[in-house]
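J.: Dropping a structure here in structure tokens format, bear with me for questions.
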């Protein structure tokens, strides 16, 4: 009788050991897959950041080359692709801004999706992905009242904006785009809050240009 019980216990232990081994192997595989997924995501973001900076370099070189060769339709040619450059010194932002918004362009750099030209009354709206601290617009929430935002047009003219408001809206709320003072020159920056799927909004007014 005791021998039978011992045999059953041994079989039970072996079964439990096999289950533990399977669980361990499965957990190990899941951890490896998660690590590889995170590494791929970070690598993908870094590539987009590098592509954006490469785009800035190429943009500056092309602009210099075009100016030196007196290309008369430079403004039309460049504006078809890029709206200008956005710089926010406080949060170390310096990116080209596309003049239109598509999903593919938005992966590469911020995009203008509403508004007319610089230095005209209205509301220029620029969207940028929140890649957390691998950047684009991830650090917008660090901005405060009166912080400065610079926009450079395709000829290097500088437009200075100061922050006068910041808040969050749900993703279907269009008020940051459509609500603005009619006789003012405003700038609206929008990015995602990855914690709650809301949109974080920065509102600024043009202070000067040169």
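J.: Please work out the Cα center distance from the stretch 106-147 to the stretch 167-184, rounded to the nearest Å.
T.: Distance between centres, Cα-based: 14 Å.
J.: Next up: Describe numerically, in nm with one decimal, the distance between label points set 7 Å from Cα along Cα→Cβ at residue 172 and at residue 26.
T.: About 3.9 nm separates the two model spin labels.
J.: While we're looking at this one, here's another question. Quick one: which of 122-135, 86-99 comes out on top by average Cβ neighbours within 10 Å, and what's the full order, highest first? Intermediate results must be reported in sequence, preceding the final value.
T.: Values: 122-135: 19.4, 86-99: 17.9.
In decreasing order of mean packing, 122-135, 86-99 become 122-135, 86-99.
J.: OK, next. If R0 is 25 Å, what FRET efficiency do you get for residue 179 and residue 158 from their C-beta distance, rounded to 0.05?
T.: On the way: r = 27 Å, r/R0 = 1.07.
Once the sixth-power term is evaluated, E becomes 0.40.
J.: If packing is taken as the mean number of other Cβ atoms within 10 Å per residue, what is the order of 148-154, 204-210, 161-167, highest first?
T.: Values: 148-154: 19.9, 204-210: 15.0, 161-167: 16.9.
Put in order of decreasing packing, that is 148-154, 161-167, 204-210.
J.: For the pair residue 121 and residue 134, how long in nm is the line joining their label points, each one 7 Å along Cα→Cβ?
T.: With each label point 7 Å from Cα toward Cβ, the separation is 4.4 nm.
Each value in this text was obtained by applying a stated rule to the coordinates, not by laboratory testing. A quick note: this is a predicted structure, and the numbers were derived from the prediction, not measured. Please note: Cβ atoms are built from the backbone with ideal geometry, for glycine as well, and neighbour counts cover all protein chains shown.
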